[in-house]
1. (1) assigned to a helix (DSSP H, G or I); (2) loosely packed, with under 12 Cβ neighbours inside 10 Å: which one isn't true of E47, the others all being true?
2. For segment 17-44, name all the residues that are polar (S, T, N, Q) and outside any helix (DSSP H, G or I).
3. Which of the residues spanning segment 50-94 are part of a helix (DSSP H, G or I), closer than 27 Å to L8 by Cβ, free of Cβ contacts under 8 Å to residues at least 40 places away in the same chain and open to solvent by less than 100 Å² (accessible area, probe 1.4 Å)?
4. Of the conditions (1) of a type in the set (A, V, I, L, M); (2) over 18 Å from the mean Cα position of the chain (by Cα); (3) at pLDDT below 95, L64 satisfies every one except a single condition; which number is it?
5. Hey, could you check segment 20-44 for residues that are more than 14 Å from the chain's Cα centre (by Cα) and in contact (Cβ under 8 Å) with a residue 24 or more places away in the chain and say which is surrounded by the most Cβ atoms within 10 Å (Cβ to Cβ)?
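The values are calculated or read from the model by the stated rules, or taken from the named source; none is laboratory data. Every value quoted in this text rests on a predicted model; they were computed, and no experiment measured them. Ideal geometry is used to build each Cβ from the backbone, glycine not excepted, and the neighbour counts take in all protein chains shown. Accessible surface is based on the protein model in full, side chains and every heavy atom, while ligands, DNA and RNA are left aside. Shrake-Rupley method; radii C 1.70, N 1.55, O 1.52, S 1.80 Å.
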Amino acid sequence: EHTEKSKLAMEAYAYIIAQYIAKYAVALNGVDVIAFAGGVGERGPDERKMICEQLKWMGVELDLEANNVKAEEREISTKDSKVKVWIVPTEEELMIALDVYEIIQGIQGHLPMLQNSLQTKAFHPTQATRLDNNILAFVIS
């Protein structure tokens, strides 16, 4: 069951997200598609509904039945909606792993120097160290 504070937090969350979408709509002179992705975007039908309700003035019309899914790629706007609304599942963990792999591949030649710096405490644990012109290493402990 939702408490009053949790309801207020969800309303504020939806309002803030709707504000960001509205700001981009102004900057881009309109919006054709809104895509919900990531954790809440993919798996939060209640959150998507609350956000889209704030955007009715833009012509966003949510199909409540289509919206009642989690992590399934599909259009969730009505046929009459001026702005199309989609759920687009993402593989965030895979993308993070691939990015980390690329970074590790790029600094492998610099690992002995980085390990030596860590062992001799040549820099603060949260400090950035430039290994060459293109690589910065951050160590956070």
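1. (2)
2. If we filter segment 17-44 for residues that are polar (S, T, N, Q), which is where we start, we get 19, 29.
Across segment 17-44, the qualifying residue is only N29.
3. I51, C52, E53, M58, N67
4. Here L64 clears every test but (3).
5. V31
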